[in-house]
Amino acid sequence: MAIIVPLSASLRSSLASSPPFLRIAKLTSAACAHRLRCYGSSTAFQLQQQEEGKNQVRSPDLVALEYADLNLPHKLSEELGHVRIRQHVNPLSSSFSMPAQAPNWEEVLEDPTLPLMVDIGCGSGRFLMWLAKANPTGNYLGLEIRQKLAKRAQCWVKELGLKNIHFLFANATVSFKHIISTYPGPLVLVSILCPDPHFKKKYHKRRVVQKPLVDSILDSLAPGGKVFIQSDVLEVAVDMRNLFDERCDLLQHVDSIDPTISCNVDGWLLKNPMDIRTEREIHAEFEGANIYRRLYQKNLV
């Protein structure tokens, strides 16, 4: 469901005083009066509410504003076509059981020796593209199990001319270690942000953060490298936290290393450590949901 945020009274007042909007207001008023005569008060009131709704900011507008610096093209190649987002995918399906082929890093990245960040379940890829554009001294890899999303993200990368980011259609559960083992440079950051919660208990085994993936991440992560996890679903956040907390032989939460990093009484980060929010994070916060975050660092020795 789209989230709407009413325009402020001052903004509505300034808009209404401009000549074009005065003309529109008069036309709208006349149209509403006509509807009242034709349809009756109840139906006319509903239609008037629909008209007013057009002057309110909706959830996609908030995402567009967050990522405005990317200037992403609205039209994609005819080859890709319409991208219909399938919200739920079963990673245990046989169609996702084969590891994805690692790319030729020298072909997809300008300098494959730079430090690498991997975003598991990167979705549309906007979050990672924003980081890649803002930080040209690092490389970025997005892994996404929904193939059309990965293809669209890679089309955007080409349109933007970014040389330090790549997207792969891959099931991270079976592909992460294989792909990262071929990367020439160090893996310094892995993020898993608002993954599919798979609410039903019988589907919990489909959740992306399971012990094998945690082990693969820690085996691949460079000393001093970090793991950032977050979710707007407390149960999912706790499950991820428990799995990473179990690896206290290799990991520490950052607040135990850096006392300037603040957490609440339950150990969740008070602030997003990145400079940009994910799309799900934007939607969740405007719905009034809490975001539960943890940031781990791998021991130096």
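All of the numbers you see were taken from the coordinates with simple rules; none came from a lab. It should be emphasised that the depicted structure is a prediction, and the values quoted were computed from it without experimental measurement. In this analysis, Cβ positions are derived from the backbone assuming ideal geometry, glycine residues included, and neighbour counts consider all displayed protein chains.
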(request) Return the distance in nm (one decimal) between the two label points of a simple spin-label model at residue 181 and residue 101, each offset 7 Å from Cα along Cα→Cβ. (result) 1.8 nm
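Can you tell me the mean projection area, over all orientations, of the convex hull of the range 202-258's alpha carbons? Units nm², please. If you can, show how the numbers build up before the last one.
Working: hull surface 17.9 nm².
The number I arrive at for the range 202-258 is 4.5 nm².
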(message) For residue 202, give me every one of the aspartates and glutamates with a C-alpha distance below 20 angstrom, ignoring sequence neighbours fewer than eight places off in its own chain.
(response) 235, 239
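By the scheme Lys and Arg +1, Asp and Glu -1, what is the net charge of all other residues having a beta-carbon under 13 Å from that of residue 118? Spell out each step's value before the answer.
Working: positive: 177, 226; negative: 119, 144.
Neighbourhood net charge equals 0.
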(request) Take the cross-link list 205/298; 211/298; 133/163; 200/271; 177/201 and give me the ones stretching past 19 Å between alpha-carbons. (result) 205/298; 200/271; 177/201
(message) Test of understanding: what is the full-extension gain from residue 255 to residue 58, defined as 0.36 nm times their sequence separation minus their Cα-Cα distance?
(response) 67.3 nm
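Classify the range 93-250 as rounded, prolate or oblate, taking a ≥ b ≥ c as the square roots of the eigenvalues of its Cα gyration tensor: rounded when a/c is under 1.5, otherwise prolate if a/b is larger than b/c and oblate if not. Before the final figure, lay out the partial values.
Values: a/c = 1.66, a/b = 1.38, b/c = 1.20.
Prolate, because a/c is 1.5 or more and a/b exceeds b/c.
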